[in-house]
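Structure record follows, encoded as structure tokens.
The values are calculated or read from the model by the stated rules, or taken from the named source; none is laboratory data. Computed from a predicted structure; not experimentally measured. Cβ placement follows ideal geometry from the backbone for every residue including glycine, while neighbour counts extend to all protein chains displayed. Protein only, heavy atoms only, side chains kept; ligands, DNA and RNA dropped before computing areas. Shrake-Rupley method; radii C 1.70, N 1.55, O 1.52, S 1.80 Å.
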Amino acid sequence: ADMYVKGKRGAAGVATSPVAEQAAQRDSSIPIDAFDIVILHLQEIGGKKRSEPLMAALSSAVARIYPNAGWCSGLLMNRNDCVETFTAMGAVVFVSKRIYDITSILSFKRNRTFVALEDDPVTYVKSADGKAEKHEDLLFTGKKFSDAGTSRKGYMLLSIRIGTQILNFVNLHMFHDDDNRVAVKASPSEYALRRIKGWNEMLTEIMPLIDTRDPCFVFGDLNTRLDGVRLTEFARNNFSLAPIDAKKSIEKNADFWNFVVQPRNVTQMLKFDTELSTLMNVAGQFGLELGELPVQFPPTFTKEEFVDHDESKISNMYSQVDPITGTYRLERILRPNKSERLPAFCDRVLFNPDGLKLVSGYHAKAGPSEIAADGFKPSVWKQYQYNSTVFDSTDHDCVYLAF
């Protein structure tokens, strides 16, 4: 099975392991059981029509992704049929056998207690007659944004403890740009301002529940868009892109769209990516400092469906270790963008300073005789990968952080 799976749009995954480097040295392809924790966050599960068959199929399929895991949470999501509360967001947690005995997950709605995995957190709460019942929705907290209406925009938070270390994960699905004409009318657009409002609401709700000294990862389909005013000016000047005069259509200018998907042009595209820094500044005002690893992948939205089912192109996510950078090179499959929306880096993985320490390995302690000039011994640096990849029948590329 692939290392990560995604729903229709905007999924993100986080995986951690102290043995990933050794596994990579044994094999150029990293097996999933090399990771101590794999967390899949998915969005639009069931979609706007709340498809019960899709939710049931996904629930059945997730366990096969990591069959040798010490524990699998199953699909954690609120499956209610209320249009006012259904977010179509979910998470799946896999924990390896190596750390199973020292891992617990927070039960939010019953005394906010960390429940050991060996006690089966999903069925930890008993019914009135003493029988175990499944309560997947107790292992996370979240809701729709107050002004989401019939859309499924919202957030969910789950917390895991390994030994004494707590890790917090926030899956976020922000508001999208509904009309291209409105999106390029002003900078920032009215949609960007609405996303700031939703971002504020999320922070207001989760900050009382986390300790900023614990690693925290915030990710998902943030729907952050490139500066429409500046991007369209750039496209007109360099590619003669026609003015945008339709709600959901942009000229099929081959030169422009070919420019967008090429990895070598990421630096140029990121010059228009200013919205995320605004959101991170707002988070800082709440006391949550957030950052991101360098983005080296093309815009992840909006993509044509991938229809080439040649397994040799998608089965192995990693190739050989890059001899210069020491990181893993991803075998990329470039998909063309749909000419419906302006391209965007919608899907991101952010983290706080303690999250960065976890990713980089700076949390590892060195003895006095081993400390290098910069205060850390080189051997504590871990290898990590922050990149995007392609899955079938999606209009976003999947973004993941592995370390």
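Length gained on full extension, Val229 to Gln296, computed as 0.36 nm times the residue gap minus the Cα-Cα distance: 21.8 nm.
FRET efficiency for the pair Asn111 and Thr278, taken as 1/(1 + (r/R0)^6) with r the Cβ-Cβ distance and R0 = 51 Å, rounds to 0.85. Per-residue surface analysis assigns Leu54 an accessible area of about 90 Å², computed on protein heavy atoms at 1.4 Å probe radius. Protein heavy-atom accessible surface, 1.4 Å probe, per residue over region 180-239: 43 Å². Applying 1/(1 + (r/R0)^6) with r as the Cβ-Cβ distance of Ala63 and Tyr100 and R0 = 22 angstrom yields a FRET efficiency of 0.90.
With Cβ to Cβ distances under 15 Å as the rule, what net charge do the other residues near Lys97 carry (K, R +1; D, E -1)? Once all neighbours under 15 Å are counted, the net charge is -3. Projected label points at Arg181 and Gln285, each 7 Å from Cα along the beta carbon direction, are separated by 3.2 nanometres. Amide H contacts for Lys185 (H built 1.01 Å from N in the peptide plane; partners 5 or more residues away or on another chain; cut-off under 5 Å): none found.
Please compute the net charge surrounding Lys252, taking Lys and Arg as +1 and Asp and Glu as -1 over other residues with Cβ under 11 Å from its Cβ. Once all neighbours under 11 Å are counted, the net charge is -2. Karplus-derived 3J(HN,Hα) values for region 66-79, using 6.51 cos²θ - 1.76 cosθ + 1.60 with θ = phi - 60°, are 9, x, 9, 5, x, 7, 10, 6, x, 7, 8, 6, 8, 9 Hz; glycine and proline are entered as x. The phi torsions of region 339-355, fed into the Karplus equation with coefficients 6.51, -1.76 and 1.60 and a -60° offset, translate into couplings of 8, 9, 10, 5, x, 7, 8, 6, 9, 9, 10, 10, 7, 8, x, 6, x Hz, rounded to whole numbers, with Gly and Pro shown as x.
Could you compute how much accessible surface Thr204 exposes when probed at 1.4 Å, giving the result in Å² to the nearest 10? That residue has around 80 Å² of solvent-accessible surface.
What FRET efficiency would be calculated for the residue pair Ala246, Glu84, taking the C-beta separation as r and a Förster radius of 30 Å, to the nearest 0.05? That gives a FRET efficiency of 0.40. Rounded to whole numbers, the Karplus 3J(HN,Hα) couplings from phi for region 47-53 are x, 5, 8, 6, 5, 4, x Hz, using 6.51 cos²θ - 1.76 cosθ + 1.60 with θ = phi - 60°, and x at Gly and Pro. Each of Lys357 and Lys49 was given a label point 7 Å from its Cα along the Cα-to-Cβ line. The distance between the two points is 5.0 nm.
Given the pairs Lys153/Lys338; Lys247/Lys338; Lys153/Lys197, which span a C-alpha to C-alpha distance of over 18 angstrom in this model? In this structure, Lys153/Lys338 exceed 18 Å between Cα atoms.
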